[in-house]
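Trainee: Below are the structure tokens for one structure; questions will follow.
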Amino acid sequence: MEINLTIRGEEKFRAFVEEHALIGYDAARSDLEEQFLADEKAGRYVLAPEKAKDGQEHVKPCMGVCLAYDVQGTQLGGGKAYLDKGQEPARKDLTIVFM
């Protein structure tokens, strides 16, 4: 499945990563994507203690939306009706906003 991630307020996320993280920006971005896909309603990015400079967990609030599309490019509205027919999402567009 194709994943497209857009970050609004990217400078705030980048500053958070530079201040607290041992990992680089690209690794943090991948981590953010993974966390958001695991729980689209979480509303925060959690930097794990093992990835932090000071060894403590750090949290950065955010908001996000995920739009799923089938192979023809049709948006799956809610997803359930399509997925019940056995249709898997072919693409997800994620937009995450840091304020």
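Trainee: May I ask you to derive the relative contact order of the chain, considering only C-alpha pairs under 8 Å and at least 6 residues apart, and to give it as an integer percent?
Mentor: On the way: 152 pairs, mean separation 38.0, N = 99.
About 38 percent, as a whole number.
Trainee: Further question on the same structure: Convex hull over the alpha-carbon atoms of the chain: what's its volume per residue in Å³?
Mentor: Considering the Cα atoms of the chain, their hull volume per residue is 98 Å³.
Trainee: Considering only DSSP beta bridges whose two residues both sit in the chain, what percent are antiparallel, to the nearest 5? Don't skip to the answer; put the middle values down first.
Mentor: Numbers: 13 of 20 bridges.
Within the chain, antiparallel bridges account for around 65 percent of the total.
Trainee: In square angstrom, what is the accessible area per residue of the chain with a 1.4 angstrom probe?
Mentor: 62 Å²
Trainee: Another one. Work out the FRET efficiency for R91 and D54 from their Cβ-Cβ distance, taking R0 = 35 Å, and round it to the nearest 0.05.
Mentor: 0.40
Trainee: Can you compute 3J(HN,Hα) from phi for each residue in region 44-60, using the Karplus curve 6.51 cos²θ - 1.76 cosθ + 1.60 with θ = phi - 60°, rounded to whole Hz and x for Gly and Pro?
Mentor: 6, 9, 10, 8, 5, x, 6, 9, 9, 4, 9, x, 10, 5, 10, 10, 10
Trainee: Moving on. Counting Lys and Arg as +1 and Asp and Glu as -1, each charge on the Cβ, what is the dipole of the chain about the Cα centre in debye, to the nearest 20?
Mentor: Charge dipole of the chain: 280 debye, to the nearest 20.
Trainee: Using the Karplus curve 6.51 cos²θ - 1.76 cosθ + 1.60 with θ = phi - 60°, work out ³J(HN,Hα) for each residue of region 24-35 in order, rounded to whole Hz, and write x for Gly and Pro.
Mentor: Karplus values, whole Hz, x for Gly and Pro: x, 4, 4, 5, 5, 5, 5, 4, 4, 4, 4, 5.
Trainee: With a point put 7 Å past each Cα toward its Cβ, work out how far I3 is from L67 in nm, to one decimal.
Mentor: It works out to 1.9 nm between the two label points.
Trainee: Report, to the nearest whole %, how much of the accessible area of the chain belongs to carbon and sulfur atoms, 1.4 Å probe, protein only.
Mentor: Of all accessible area on the chain, carbon and sulfur atoms account for 48 percent.
Trainee: Here's another thing I want to ask about it. Collect residues whose amide H, placed 1.01 Å from N in the peptide plane, falls under 5 Å from the amide H of L22; neighbours closer than 5 in sequence don't count.
Mentor: Long-range HN contacts for L22: A52, K53.
Trainee: Taking trypsin sites (Lys or Arg not before Pro) as exposed when DSSP calls them loop (any state but H, G, I, E, B) and at most 16 other Cβ atoms lie within 10 Å, what is the longest stretch of the chain free of them, the sites themselves excluded?
Mentor: Free of exposed loop sites, the longest segment is 1-40.
The values are calculated or read from the model by the stated rules, or taken from the named source; none is laboratory data. These figures come from a predicted structure and were not determined experimentally. Glycine gets a Cβ as well: all are built from the backbone with ideal geometry, and neighbour counts include every protein chain shown. Just so you know, the surface numbers come from the protein's heavy atoms only, side chains and all, with ligands and any DNA or RNA stripped out. Shrake-Rupley method; radii C 1.70, N 1.55, O 1.52, S 1.80 Å.
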